[in-house]
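Note sheet for the following structure.
The values are calculated or read from the model by the stated rules, or taken from the named source; none is laboratory data. Every value quoted in this text rests on a predicted model; they were computed, and no experiment measured them. All Cβ positions, even for glycine, are placed from backbone atoms using ideal geometry, and neighbour counts span all protein chains on display.
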Amino acid sequence: MVFETWLLFLLVSIIPVVSPGPGVLLAITNSLRYGVKATILVCLVNGGGIAVLGLLVGFGLGALMQASALAFLVLKTIGAGYLIWLGIKIWRDRNAFVVEVGNSGQAAPMRRLTLQALAISLTNPKAMMAAAALFPPFLNANEPAALQVVILSFSYGALCALNHVLIAFCGSWLRRFLQSPRRIKWVRRLTGGAFVGFGSLLAVTSRA
């Protein structure tokens, strides 16, 4: 893959990377609740999950999902159900986003956050279809496909991780905003509702 092609891929990928989605929302949520350091670590896990998803798409999982209605339905149901459950949990958790003055954030349950990041990055058929549409135009038929898929997958995952790191620092600033119980309540409801909304949209997504 020539350098110019790779740069063009990065440029084209910016829009889907920064577009609002479950991964972006999770980065905002974690930053508000647990602080910058924990969020950055989870962002790296999420980026790694996206890279793995890209590898699976590039090496044929995307074609399998397109061909198999059952495989698509199973993965879609798992992803949608998880997002909806997470949204309800955030909505009902009265301690969500509660940050004491001068506190850098709650103690982060890294094992649970890591599993959340992996689940969201690996169980989203819409993200998989986006990667399946984005990769082919940048693959050179005259070069080994495997190496190109690896480069594109890890580049896309790195962009996602970088985007979430930037969000983490913004979330650190936003924590100063969350000193009002009324604001906390509305942020909790909006965030939980957004997760439920993403899950509901995913549940009705078709393969077309």
What pairs come up if the first residue lies in segment 140-158 and is of a type in the set (V, I, T), the second is surrounded by fewer than 17 Cβ atoms within 10 Å (Cβ to Cβ) and assigned to a helix (DSSP H, G or I), and their beta carbons are under 8 Å apart, counting only those six or more places apart or on different chains?
I151/W6
Conditions first: (1) touching a Ser or Thr at 6+ places or on another chain (Cβ under 7 Å); (2) at pLDDT below 80; (3) closer than 22 Å to L8 by Cα. F138 passes all but one, so which condition is the exception?
(2)
